[in-house]
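Okay, so here's the structure we're looking at.
The values are calculated or read from the model by the stated rules, or taken from the named source; none is laboratory data. None of these values were measured; they are calculated from a predicted model. Note: ideal-geometry Cβ built from the backbone for every residue, glycine included; neighbour counts use all protein chains shown.
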Amino acid sequence: MDMPDKKFLNTALLDVNVAEFGVNLARDMGVYCQIYVTGEDNESRIPLLAELDSPHREWYYKVTGVLAELVDLREIFKQPKLPGCVKTMFLAEPDILAEVRLVFEKNFGGSVLIAQTNRTFLEVTGPNASKGLGLKFVMENYSIAKEEIIAFGDEENDLSMFSVAGFFVVPSSGKDMVKAKADIVIGPNTEDGVAVFLEEFFDLETVK
């Protein structure tokens, strides 16, 4: 998005039919599900919608500051001008999320991206909605070389930046599968690992 004009430069949406499949699956399994959708004509507001007033809804709000609006998602999917969904999210214990992942892999294979971004968060997005492709788009449009890019990540959905950025940095609190790809592992998020790294790497003065 181009700021402050709030104009979309590039989108990689999840097909509405796939999002609807996920919502139906959540109903069948009794799992909390929420979706980010785009407005008509790709307006800048991206609402978060859900059907259940679940403790998971409150937990997501505490973690992100975004509270899902309660609606009937069946009516949302009937909208003829709905261009697609940003992502579908499932919030549950890891063993339940593993079941959800298997169903999506069986039905959609490589036509979606699936990532567990928190112990209890599973995200399903369109096949071109990776952080790596997003970073590549910015680099190409602003003529930034790979060698000028440092990427930071700690979760599964950050791995796509590994081959795009010139340097990949992972906090020690990150997942083992992500740390295995790191050029360097730094201090944990709880100790401001990224800030400490940047201050030391660029010889910056700490702002008190």
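Determine which single condition D158 fails, assuming it passes every other condition in (1) part of a helix (DSSP H, G or I); (2) surrounded by fewer than 16 Cβ atoms within 10 Å (Cβ to Cβ).
D158 satisfies all of (1) part of a helix (DSSP H, G or I); (2) surrounded by fewer than 16 Cβ atoms within 10 Å (Cβ to Cβ) except (2).
Suppose we keep only residues that are touching a strand residue (DSSP E or B) at 6+ places or on another chain (Cβ under 6 Å) and part of a loop (DSSP other than H, G, I, E, B) within region 161-180. Which one would you say is farthest from G126 (Cα to Cα)?
Looking only at region 161-180, we keep the residues that are touching a strand residue (DSSP E or B) at 6+ places or on another chain (Cβ under 6 Å), and these are 161-162, 165, 167-172, 178-179.
With the extra rule that they be part of a loop (DSSP other than H, G, I, E, B), the set shrinks to 162, 165, 172.
Values: F162: 19, A165: 21, S172: 29 Å.
This residue is S172.
For region 187-201, how many residues are β-branched (V, I, T) and within 22 Å of the chain's Cα centre (by Cα)?
Residues of region 187-201 that are β-branched (V, I, T), as a first pass: 190, 194, 196.
Keeping just the survivors that are within 22 Å of the chain's Cα centre (by Cα) gives 190, 194.
Within region 187-201, residues that are β-branched (V, I, T) and within 22 Å of the chain's Cα centre (by Cα) number 2.
Out of the residues in region 75-102 meeting the condition of being touching a residue at least 24 places away in the same chain (Cβ under 8 Å) and over 18 Å from E156 (Cβ atoms), tell me which one is surrounded by the most Cβ atoms within 10 Å (Cβ to Cβ). It would help to see each step written out before you state the result.
Quick first cut of region 75-102, residues touching a residue at least 24 places away in the same chain (Cβ under 8 Å) only: 76-77, 81-94, 96-97, 99-100.
Imposing the further condition that a residue be over 18 Å from E156 (Cβ atoms) reduces the set to 76-77, 81-85.
Values: I76: 19, F77: 17, K81: 7, L82: 16, P83: 14, G84: 17, C85: 26.
Once the filter is applied, the top-ranked residue is C85.
Within region 42-96, work out how many residues are at pLDDT below 95, over 18 Å from E20 (Cβ atoms) and of a type in the set (D, E).
2
Need the failing condition index for E140 against (1) charged (D, E, K, R); (2) exposed (fewer than 15 other Cβ atoms within 10 Å of the Cβ); (3) under 30 Å from I96 (Cα atoms), just the number.
Only one criterion is unmet by E140, namely (3).
Could you give every pair whose Cβ atoms fall below 8 Å, whose first residue belongs to region 135-153 and is more than 15 Å from A182 (Cα to Cα) and in contact (Cβ under 8 Å) with a residue 24 or more places away in the chain, and whose second residue is in a helix (DSSP H, G or I) and not hydrophobic (A, V, I, L, M, F, W, C), counting only separations of at least 6 or pairs across chains?
Matching pairs, first to second residue: M139/K146.
Pick out, from region 1-90, the helices (runs of 4 or more DSSP H) lying fully within it that include 1 or more residues that are charged (D, E, K, R) and under 18 Å from the mean Cα position of the chain (by Cα).
Once the helices (runs of 4 or more DSSP H) in region 1-90 are filtered for at least 1 residues that are charged (D, E, K, R) and under 18 Å from the mean Cα position of the chain (by Cα), what remains is 55-64.
When both residues are 6+ apart or on different chains and their Cβ atoms are under 8 Å apart, which pairs have a first residue that lies in region 104-117 and is under 15 Å from L133 (Cβ atoms), and a second that is at pLDDT below 95 and among the charged types (D, E, K, R)?
A115/E155; A115/E156
Can you tell me which residue among S111, S130 is surrounded by fewer than 13 Cβ atoms within 10 Å (Cβ to Cβ) and out of contact with any Cys (no Cβ under 6 Å at 6 or more places or on another chain)?
Numbers: S130 fails: surrounded by fewer than 13 Cβ atoms within 10 Å (Cβ to Cβ).
On inspection, the qualifying residue turns out to be S111.
Taking V164 as meeting all but one of (1) within 18 Å of the chain's Cα centre (by Cα); (2) in the same structural domain as D28 (by TED's automatic domain parsing), write down the number of the exception.
(2)
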